[in-house]
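Before any comments, here is the structure.
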Amino acid sequence: MSGRHFFKTLIIASVLCGSMAHTASAGPVSGLARPLRTVPQSQFITASRHTLAPFAFVRFCRDNREDCQASQGESIVDLSPLRRAELFRINAAVNRSMRPQYDNSSSDVWSVDVGSGDCEDYALTKRRKLIAAGWPARSLRMAVARTGAGEGHAVLVVKTSQGDLVLDNRTGMIRPWNRTDLTWEKIQSADNPRLWFDI
């Protein structure tokens, strides 16, 4: 390859890489017209070592074994326009259908498909409804965090072709995990919902 030809190839490659990087860092989920082809690794939560599952979740699994079975299916959902619309629809429907009712710290109970409840009840209900709609269980993980005010909080994290997205009962917006006010603590394993990892 001649020096001139190599130089042209290098320029074209640089332009293409710059274009791809620009596409991957496009605006928020609600503003995207189509799924991203390349997503930076920072758009996904990095789990570290095994940790204890929340005790209330252990009790939940004892009483709801079907929600805690080893997961199947793809771990990343291709967020097509149809899938994105379904995600927003189910998130909004659950947020509207439940009445907020907070457990006190000494009697925290995780429940699913209830008329009222707190953050984890919303998240578990969204997970079950998404699975019923055909979403792979491996892409749907419960996570525990702290809000900006320091309160304990649970959300559903959906692993998609546009990164890890957060379904939070405090808002109708679905945001990337690193664009929330949350300080992350732990998350379920994609392969086995009974196993949890530090974030």
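Some observations on this one:
- Linear extension gain, ALA92 paired with THR51, 0.36 nm per residue minus alpha-carbon span: 11.6 nm
- Relative contact order (%) - the range 29-198, alpha-carbon pairs under 8 angstrom, separation at least six: 31
- Stretch gain in nm, segment SER116-ASP78, where the contour uses 0.36 nm per residue and the Cα spacing is subtracted: 10.5 nm
- Full-extension gain in nm, SER161 to SER107, via 0.36 nm per residue minus C-alpha separation: 15.7 nm
- Only Cα pairs under 8 Å and 6+ residues apart enter the sum, and on that basis the relative contact order of the range 134-196 stands at 35 percent.
- Sorting the segments 124-136, 150-162 by their mean number of nearby beta carbons within 10 angstrom, highest to lowest, gives 150-162, 124-136.
- The equivalent ellipsoid of the range 29-198 has semi-axes of 23, 18, 16 Å, largest first, where each one is the square root of 5 times an eigenvalue of the Cα gyration tensor.
- Cut-off 18 Å (backbone N to label point 7 Å along Cα→Cβ of ASP198), residues of the range 46-82: 46-55
- Cβ crowding within 10 Å averaged over residues, with 93-101, 191-199, 115-123 ranked highest first: 115-123, 191-199, 93-101
Every number here is computed from the coordinates shown, using simple stated rules; none is lab data. Just so it is clear, the model here is predicted, and its values are computed rather than measured. Please note: Cβ atoms are built from the backbone with ideal geometry, for glycine as well, and neighbour counts cover all protein chains shown.
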